[in-house]
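Presented below is the structure to which this report refers.
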Amino acid sequence: GVGNTELLIRTIQEVGVTALSCTPSYPAVLERVIAEKFPGLSPRDLGLKLGLFGGEAGLDDPALRSRLKETWGLEPRNANFGVSDVFSNFAAQCEHDTRLHFIAGDVLHPELIDPDSGEPIPVSDGTTGELVLTHLVRDCQPLVRFRTGDIITVDATNQCRCGCTGFRFRVVGRSDDMIVVRGLNMFPTMVAAVVTGFKELTGDYRIVLDQPPPFDVLPVHAELAPGVEALHGLSAEIEKTFKQVLGVTVRLTLLPTGSFEVTEGKTRRVIRSYK
Ligand SMILES: [Zn+2]
């Protein structure tokens, strides 16, 4: 689990731990503490073989998966998807498909809604909406149409090769992290997909909104990888990629390595500094 990062690293070393269960943003925190406090040690030296990631969106990004594999030498697994108010873990990947499988059809009734209007959206291939859950089996305090705040995209509703008949989905983000830029719905995971694709960046980023909506540009702060200089050409290249991938204009600020505060739980990606 997460907590005292330095002690955790020492424990992994001393006990010979081979699996880690945390948020997808936590390995970056470990990497920083290793670099600062454990000279000569590399993440791979810890010998972790399996990473069970949940609690935050992000692991559906292929660039993040390969970054984790390369840096840590571990097998990343999309696991531990749950909503603490409703039910603990009820979705994970299988050996055939890295997307989350909904495996609680016997106890939960899932629905999708438009997060703004509340209008229902069918749970079918390719639909995106906020996940709403109703308890089917519960002795006390059943929840009816509980809004999870998680925006998901349903990728497939047919039976998976593993035998699971529940729908398979990706978490796009939290409804309160959605930013509308010139009519387009943007989520931090979309920014992450671009940022993790650049070796010149650490992969850590924040969306810093310094004025209230409406937004016509998306202000992104990203960290440079150790030893990389903030040359103008790099900034322009990243902004161009953002425009191509997201379809919106990004105002990019490049910061030195280690600029962002280290958080041990869920990382807040959207900072509303105008509030
Ligand atoms: Zn499967």
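What the table shows:
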quantity	calculated
Pairs with Cβ under 7 Å, 6+ apart, first in the range 118-136 and more than 19 Å from Ile103 (Cα to Cα), second among the polar types (S, T, N, Q) and modelled with pLDDT of 95 or more	Ile121/Thr127
Unmet requirement for Thr157, which otherwise passes all of (1) within 30 Å of Asp204 (Cβ to Cβ); (2) at pLDDT 95 or above; (3) open to solvent by less than 70 Å² (accessible area, probe 1.4 Å)	(1)
Count - residues of the range 63-99 that are surrounded by 15 or more Cβ atoms within 10 Å (Cβ to Cβ) and touching a Leu at 6+ places or on another chain (Cβ under 9 Å)	19
Residue count, the range 200-238 (criterion: over 21 Å from the mean Cα position of the chain (by Cα) and either open to solvent by 60 Å² or more (accessible area, probe 1.4 Å) or farther than 19 Å from Ile179 by Cβ (or both))	18
Any chance Gly163 is open to solvent by 20 Å² or more (accessible area, probe 1.4 Å), at pLDDT 95 or above and on the phi > 0 side of the Ramachandran plot	yes
Neighbours by Cβ (under 6 Å, 6+ apart or cross-chain): first from the range 80-105, free of Cβ contacts under 8 Å to residues at least 40 places away in the same chain and among the hydrophobic types (A, V, I, L, M, F, W, C); second part of a strand (DSSP E or B) and more than 10 Å from the ligand (Cβ to nearest atom)	Phe90/Gly82
Flag for Asp61 being away from the ligand (no atom under 16 Å from the Cβ) and not assigned by TED's automatic domain parsing to the domain that holds Phe167	yes
Asn158, sole failed condition from (1) in contact with a Ser or Thr (Cβ under 9 Å, 6 or more places away or on another chain); (2) within 16 Å of the ligand (Cβ to nearest atom); (3) on the phi > 0 side of the Ramachandran plot	(3)
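The values are calculated or read from the model by the stated rules, or taken from the named source; none is laboratory data. These numbers come from a predicted model, not from an experiment. Ideal geometry is used to build each Cβ from the backbone, glycine not excepted, and the neighbour counts take in all protein chains shown. These area figures cover heavy atoms from the full protein model, side chains too; ligands, DNA and RNA do not enter into them. Shrake-Rupley method; radii C 1.70, N 1.55, O 1.52, S 1.80 Å.
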